[in-house]
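**Q** Starting off with a structure, shown below.
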Amino acid sequence: MRGSGLPAGIPVYLGSYGVGSEIGARIEEEGYRYAPMFQLRPGWYWERRRLPRDEEKTLFARSSRSRRLGGPLPALPQLLRLSSTARVNWGIELGARFRDELRAAARAGTKTTGWQLDEILAETVGPQGRGHRELARGTLRGLVFGRPALGDRPQQGLVWWAHTAFVLAGRPITPELNAFWRILNRASLGLVGEEYPEFAGDPTLAAGADAAGQRALHRGGPVRRALARKYVVGLTPGYRLAPGLGGNTRRLPRAEVNRWRERYISARAATGVAGFAEFNFRYENSSAEVMHDVMRTAARAVA
């Protein structure tokens, strides 16, 4: 980042899955913003609530419902069969568990200035889409508001949005979708659309096609238009070839990859976006050379 030429004052959020004091301290020391990433899919946070005893006592004293939600979340298939209220409540608890981790880190001296959620899933537009949206809706609420009884204040973050879920933005509004869009807007400091293009063909045409989700948000009501203004273009460096990540599938030389990326990002910047995000600086994407190429290109577009 230091060598990218990014103009001073542009906010940069960095984070990986989970919360770490060492990485947080390094990011803050360099003048950037630490925003750990959490997954919506089943994992460690689904197992149980983990709070210090004094915080558990405070929580129980404020809410009897809290005790019932302290154990494992139901398995996802079972969760999708529950009532809407139950799904949303379990989602709120899950998001609050993410905030528990941030609160514990702050107590230990690790400063975070946001969070990232991976992701609004492809399943939100599938046959059980409503169930997945209600779980996401609750999780976002839990992340934003945390546990007020324990002193949490509202905090926004970066929400990643799967490319195959872009069609959701064009669906006719319903009370359920209205609730979904409202909490997504309340939660989002930025909405990261996972465009993840293949580095092939005309990059300008690809950029136009991949902007479909943002255009659909612009055509929606006031809440979706607000999200369109927060839209961040999500990309990958391109050398780690995995399903759904796009990238350098034609195995172009480095110079051609850089030219393709430059034209794509320039075309997306010209349409008006809130920023750019890069996912998966790992494996083949993790070399300093690759990261410098990517960051310099993004910095030029932002400038």
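The values are calculated or read from the model by the stated rules, or taken from the named source; none is laboratory data. Since the structure is predicted, the reported quantities are computational estimates derived from the model, not experimental observations. Because the Cβ atoms are built from the backbone with ideal geometry, glycine has one as well, and the counts that use them run over all protein chains shown. When the accessible area is computed, the model is the full protein with side chains, heavy atoms only, and any ligands, DNA or RNA have been set aside. Shrake-Rupley method; radii C 1.70, N 1.55, O 1.52, S 1.80 Å.
**Q** Is it true that some residue in the range 203-217 is among the hydroxyl-bearing types (Ser, Thr, Tyr) and under 19 Å from GLU123 (Cβ atoms)?
**A** Within the range 203-217, none of the residues are among the hydroxyl-bearing types (Ser, Thr, Tyr) and under 19 Å from GLU123 (Cβ atoms).
**Q** For residues in the range 6-20 being surrounded by fewer than 16 Cβ atoms within 10 Å (Cβ to Cβ) and of a type outside the set (Gly, Ala, Ser), which is farthest from LEU121 (Cα to Cα)?
**A** Among those residues, the one meeting the criterion is PRO7.
**Q** Of everything in the range 251-284 that's more than 29 Å from ARG229 (Cα to Cα) and in contact with a Phe, Trp or Tyr (Cβ under 7 Å, 6 or more places away or on another chain), which residue is least open to solvent (accessible area, probe 1.4 Å)?
**A** The selected residue is LEU252.
**Q** Next question, about the same structure. Can you find even one residue in the range 78-99 that is part of a helix (DSSP H, G or I) and of a type in the set (Asp, Glu)?
**A** yes
**Q** Among what's in the range 176-219 and is of a type in the set (Asp, Glu) and part of a loop (DSSP other than H, G, I, E, B), pick the residue that is surrounded by the most Cβ atoms within 10 Å (Cβ to Cβ).
**A** GLU195
**Q** ALA106 is checked against (1) open to solvent by 30 Å² or more (accessible area, probe 1.4 Å); (2) touching a residue at least 60 places away in the same chain (Cβ under 8 Å) and fails just one. What number does that condition carry?
**A** (2)
**Q** Name the single residue that is farthest from the chain's Cα centre (by Cα) among those in the range 142-161 being surrounded by 21 or more Cβ atoms within 10 Å (Cβ to Cβ) and of a type outside the set (Val, Ile, Thr).
**A** Here the residue is ARG147.
Conditions (1) open to solvent by 50 Å² or more (accessible area, probe 1.4 Å); (2) over 16 Å from GLY109 (Cα atoms); (3) out of contact with any Phe, Trp or Tyr (no Cβ under 7 Å at 6 or more places or on another chain); (4) in a helix (DSSP H, G or I), marked per residue:
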residue	(1), (2), (3), (4)
SER4	no, yes, yes, no
GLU22	yes, no, yes, yes
ILE27	no, no, no, yes
GLY31	yes, yes, yes, no
ARG41	yes, yes, yes, no
TYR45	no, yes, no, yes
ASP54	yes, yes, yes, yes
ALA61	yes, yes, yes, yes
SER66	no, yes, no, yes
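**Q** Taking the conditions exactly as written (at pLDDT 95 or above and open to solvent by less than 10 Å² (accessible area, probe 1.4 Å)), does LEU168 satisfy them or not?
**A** yes
**Q** Is it the case that the range 282-292 has a residue that's in a helix (DSSP H, G or I), closer than 17 Å to ALA206 by Cβ and small (Gly, Ala, Ser)?
**A** No, that holds for no residue.
**Q** Sticking with this one: Could you check THR297 against (1) touching a residue at least 12 places away in the same chain (Cβ under 8 Å); (2) not in a helix (DSSP H, G or I) and say which number it fails?
**A** The single condition THR297 does not satisfy is (2).
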